1. What is the sum of charges around Asp181, taking Lys and Arg as +1, Asp and Glu as -1, for the other residues whose C-beta is under 13 Å from the C-beta of Asp181?
2. Working out 0.36 nm times the residue gap between Gln168 and Met73, then minus their Cα-Cα distance, what length gain in nm do you get to one decimal?
3. According to a simple spin-label model (label point 7 Å from Cα along Cα-to-Cβ), what is the distance in nm between Thr43 and Asn114?
4. Heavy atoms of the protein only, probe of 1.4 Å, neighbouring chains included. What is the accessible area of Asp101 in Å², nearest 10?
5. Give me the dipole magnitude in Debye, nearest 20, for the stretch 104-189 about the Cα centre, with unit charges on the beta carbon: positive for Lys and Arg, negative for Asp and Glu.
6. To make sure I understand the rule: partners must be lysines, Cα under 19 Å from the Cα of Lys60, and not fewer than 8 residues away in the same chain. Which ones qualify?
7. How big is the gap, in Å, between the Cα center of the stretch 29-53 and the Cα center of the stretch 121-185?
8. Stretch Met58-Glu98 to full length: gain in nm at 0.36 nm per residue minus the Cα-Cα span?
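The values are calculated or read from the model by the stated rules, or taken from the named source; none is laboratory data. Fair warning: this is a prediction, and the values are worked out from it, not measured in the lab. Neighbour counts run over all protein chains shown; Cβ positions are idealised from the backbone, glycine included. Remember, those area values only see protein heavy atoms, side chains included, never the ligands or the DNA or RNA. Shrake-Rupley method; radii C 1.70, N 1.55, O 1.52, S 1.80 Å.
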Amino acid sequence: MHHTTPRTLAVALTAAVFLPGMGGAAHAQAQKLRPGLWENSVTMKSQSGQLEAAMAQMQKSMASLTPAQRKQMEQAMAQQGVSMGPSGNTVKVCISPEQADLDRIPAQEGCTQNVQRTGPNAVAMTFSCKGSQGQPPTTGEGTMTFQGPTAYAGNFKVKTTSNGKPEQIDMVQNGKWLAADCGTLKPVR
């Protein structure tokens, strides 16, 4: 039986772009996101403090790598659009015209969501992700506010398990549009 360590959980939460795809009915005057390459900045705070300890340990481990090893790891993460730093993490995603039309932001596979428009520029959502590759299932809820077609801000509460114990993670995510061309990144379906 696989036990999820805080460090493994930290990597999974960052790589998952913890925003389930949004697929609610849009009002005629509802704000739409611009298709193309987006950068999501994510900061997370766990109730237990284990996530923060795991992230600090990961940064320490990265610092102990040789320059060649560090470059190889950073390149591997960059190919997935992931960048990790001491103050937070960023994930690049590609939003297709169809996803933008449906208020959809790409997420990890295995997630379902319920999204409701609460105003022309805001949505509320609940979501559930099955978990995969040894990672635990997660559920959560949050709100997002669109700040025009090229930016949004969201606040989420995520419930999961770490070492068999319940864990809640408070997450703040900000997205900004970078370019119409996604380059090598493809939209997540």
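1. Overall, the nearby charge balance is +3.
2. Computed gain between Gln168 and Met73 is 31.4 nm.
3. My value for the distance between the label points is 3.1 nm.
4. Approximately 100 Å² of Asp101 is accessible to the 1.4 Å probe.
5. 140 debye
6. Cα-Cα hits under 19 Å: Lys45, Lys71.
7. Distance between centres, Cα-based: 5 Å.
8. 10.7 nm
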